[in-house]
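Taken together, the values in this text are just the output of simple stated rules run on the coordinates, not laboratory data. Keep in mind that this is a model prediction, so the values were computed, not measured. Positions of Cβ are generated from backbone atoms using ideal geometry, with glycine treated the same way; all protein chains shown enter the neighbour counts.
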Amino acid sequence: MTAPVLQATNLTKRFGEFVAVNDVSFTIRPGEILGLLGPNGAGKTTTMHMLLGLITPTSGSIHVFGMDLATQRERILQQVNFSSTYISMPMALTVEENLWVVARLYGMTDIARRVDDVVKKLEMEEFRRKITRKLSSGQMTRLTLAKAFLTEPKILFLDEPTASLDPDIAHKIRTLLKEERRSAGLSILYTSHNMREMEEMSDRIIFLQRGRIVAEGTAQEIVARFGQADLEDVFLKLARESR
Amino acid sequence: MKFHRVSALVARHLYLYRRSLPRIMEIFYWPFLDLVIWGFITLYLAKYQPQVPGFVTFFLGALILWDMLFRSQQGITISFLEELWARNLMNLFASPLTPGEFLAATIAMSIFKVTCVSVVMGICAWLFYGYNVLVMGLWLLPFVFNLVITGWVIGVLTTSLIMRFGQEAEILAWSMVFLFQPISCVFYPLDVLPAWLQGIAWMNPAAHVFEGMRGVLSGGGSPVVHLAWAGGLNGALLIAMIALFYKTFAYCKREGSLVRVGE
Ligand SMILES: Nc1ncnc2c1ncn2[C@@H]1O[C@H](COP(=O)(O)OP(=O)(O)OP(=O)(O)O)[C@@H](O)[C@H]1O
Ligand SMILES: [Mg+2]
């Protein structure tokens, strides 16, 4: 079996007394799409932020491409990117300017061509010269996805990437993600509150609840284990038990 | 330290200036206005206080130098605030960018601002008041150099405080420097301060620069001792403030507030 691109071992994050992520271990394999599922406040975003080096874990370790994030941050983050519906980009710059800055930040070469490519890929032609402030929320989401694709990462962290997209664009994005995974061997860690999307996208799902992993496996395996009709019912059952 | 990451941030800020009138005003108009107001006050006072020698020279020189310190500090702090307001810190620090590179970019912006502001003020002082900043001669260089570094010291300190305490602390970006103004002896000599305050002022590199400046302008001799003090203090303080910045950064990553500052 191939070595995992990411390995989280006994990750724990405490904010004061509160335990947001509790002894979580998992791996992501090359070209795998791993779904992080769980009710609000389960610790999904906190986990992602730890994997991105934005939050220091209280304990546990993170290895990416076999390197320790605590000591090899720069080399790891060069090959990783993220996007989320809830992030923003400098509003006073145009879409293109923002992409140029990101490309420079990651030391890309041949920037003009790469920007063109990603603009085409995400169908952003008609607003590429617009000031970012003037984008709709769906266009903004596409910009943050574009910045993530632009740097040609090997791992992509996506926190509710489709939450503000219309069904057509959301479908295109999902298709694009699957394509990138196939063609470039991209690995993806994914969160969403859309169960159908979770089932469609994820090779494997981790179900988090109050910071702990309560279920792990393919969507079918999880559905079967909990004796429910589909993932949505599993979610409801688990989420309601915990409340 | 990777140059392309520092230059990416600088480019990002320059894009911002290219299109923003308020930001351009910050560089060109406000310093100009400062000079106009203070210049006229100085002229007015000089008319009635002819016994204070070199009044105009002192005041305008001090004003221009003080503004350099102020813009140098702003260059650092405002660059950080821009990222905070744009909610861009997360994008930046999830990239390979290091905190050191981030600081280097704010320092580059600070140098850019100080350069613009000094040119504007130097030219205006000359045009309106026939005042030549270069009367200080070559001493001007070490004076400015030290004031710019003092600006960085205050700028990095302010940035750390805003990072640590969030939105409530933002006002410090504009007010912090005025906390240091009374003990910087910008417009009056050190010896007018009460003795206990003199001791404190002595620890402020800016006070040494302004003391030195007055010495040079009144023909009172070489400012070397003051410059040595200023340089030594600046070096030590800058190292301390950068260490504080790193500590604060690590603290925010532990508290999870790095992804939240500005909210
Ligand atoms: N910086 C912080 N300080 C204190 N508590 C925090 C901090 N960040 C997150 N938390 C808490 O940790 C828990 C997990 O939050 P997190 O954002 O990871 O949840 P999530 O699974 O992403 O939820 P959602 O589905 O709503 O996005 C929440 O209870 C949250 O209040
Ligand atoms: Mg979340």
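Charge dipole (Cα centre; +1 on Lys/Arg Cβ, -1 on Asp/Glu Cβ; no other charges) of the range B:1-131 amounts to roughly 300 debye. Rounded to the nearest 500, the helix-only mean residue ellipticity at 222 nm of the protein assembly as shown stands at -19000 deg cm²/dmol, with each DSSP H run of n ≥ 4 adding -39,500 (n - 2.57). Per residue of B:95-103, other chain Cβ atoms within 10 Å of the residue Cβ number 4 on average.
Taking other residues whose beta carbon is less than 13 angstrom from the beta carbon of residue B:250, and scoring Lys, Arg as +1 and Asp, Glu as -1, yields +4.
A dipole drawn for the protein assembly as shown from +1 and -1 charges on Cβ atoms has a positive end, and of B:188, B:165, B:200 the residue lying farthest that way is B:188. Compute the Cα gyration tensor for the protein assembly as shown, then decide on rounded, prolate or oblate, letting a ≥ b ≥ c be the square roots of its eigenvalues: rounded whenever a/c is under 1.5, prolate when a/b is larger than b/c in the other cases, and oblate in all that remain. Taking the square roots of the gyration eigenvalues as a ≥ b ≥ c, the protein assembly as shown is prolate.
Annotation: amide H-H contacts under 5 Å for residue A:15 (H modelled 1.01 Å from N, sequence separation of 5 or more, or interchain): A:20. Residue by residue, the range A:10-21 carries 3J(HN,Hα) couplings of 6, 5, 9, 10, 10, 10, x, 7, 6, 9, 7, 10 Hz when phi is fed to the Karplus relation 6.51 cos²θ - 1.76 cosθ + 1.60 (θ = phi - 60°); x denotes Gly or Pro.
The H on the amide N of residue A:215, modeled in the peptide plane, is under 5 Å from the matching H of A:207, each at least 5 residues off or on a different chain.
Taking a sphere under 15 Å around the Cβ of residue A:35 and counting the other residues whose Cβ falls inside, with K and R at +1 and D and E at -1, yields a net charge of -4. For the protein assembly as shown, the antiparallel share of DSSP beta bridges with both residues in that region comes to about 55%. From the Cα gyration tensor of the range B:38-176, with a ≥ b ≥ c the square roots of its eigenvalues, which class applies: rounded if a/c is under 1.5, or else prolate if a/b is larger than b/c, or else oblate? Because a/c hits 1.5 or more and a/b exceeds b/c, the range B:38-176 counts as prolate. At full extension, residue A:12 and residue A:152 could sit 47.5 nm farther apart than now, given 0.36 nm per residue minus the alpha carbon distance. Result for chain B in a Gaussian network model with C-alpha springs under 10 Å: among B:131, B:48, B:17, the largest mean-square fluctuation is at B:48.
Once backbone amide H atoms are built at 1.01 Å from N, residue A:82 has A:157 as its partners under 5 Å, excluding neighbours fewer than 5 places away on the same chain. Relative to the longest principal axis of the Cα atoms of chain B, the long axis of helix B:224-255 lies at roughly 20 degrees. Simple point charges give the picture: +1 on the Cβ of Lys and Arg, -1 on the Cβ of Asp and Glu, and for the protein assembly as shown a dipole about the Cα centre of about 300 debye. Extension gain, residue A:220-residue A:29: 0.36 nm per intervening residue step, less the Cα-Cα distance, totals 66.8 nm. Can you put B:252, B:124 in order of Cβ neighbours within 10 angstrom, beginning with the fewest? Arranged by neighbour count, lowest to highest, B:252, B:124 become B:124, B:252. Across peptide A:69-78, the mean count of Cβ atoms from other chains lying within 10 Å of each residue's own Cβ comes to 2.
Highest GNM mean-square fluctuation among A:95, A:223, A:21, for chain A modelled with Cα contacts below 10 Å: A:223. Which loop-located trypsin sites (Lys or Arg not before Pro) does the range A:169-223 contain, where loop means any DSSP state but H, G, I, E or B and the Cβ has at most 16 other Cβ atoms within 10 Å? Loop-located and lightly packed - A:210.
In order along the range A:194-205, the phi-based Karplus estimate (6.51 cos²θ - 1.76 cosθ + 1.60, θ = phi - 60°) of 3J(HN,Hα) comes to 9, 5, 4, 4, 4, 5, 5, 7, 7, 6, 8, 10 Hz; Gly and Pro are listed as x.
For the range A:94-106, 3J(HN,Hα) computed residue by residue from phi via the Karplus equation (6.51, -1.76, 1.60; θ = phi - 60°) reads 6, 3, 5, 4, 4, 5, 4, 4, 4, 4, 5, 4, 8 Hz, glycine and proline entered as x. When a/c is below 1.5 the answer is rounded, else prolate if a/b is larger than b/c, else oblate, so apply that to the range A:1-77 with a ≥ b ≥ c taken from the square roots of the Cα gyration tensor eigenvalues. Oblate, since a/c reaches 1.5 and b/c is not below a/b. With contacts taken as Cα pairs under 8 Å and at least 6 residues apart, the range A:83-167 reaches a relative contact order of 48 percent.
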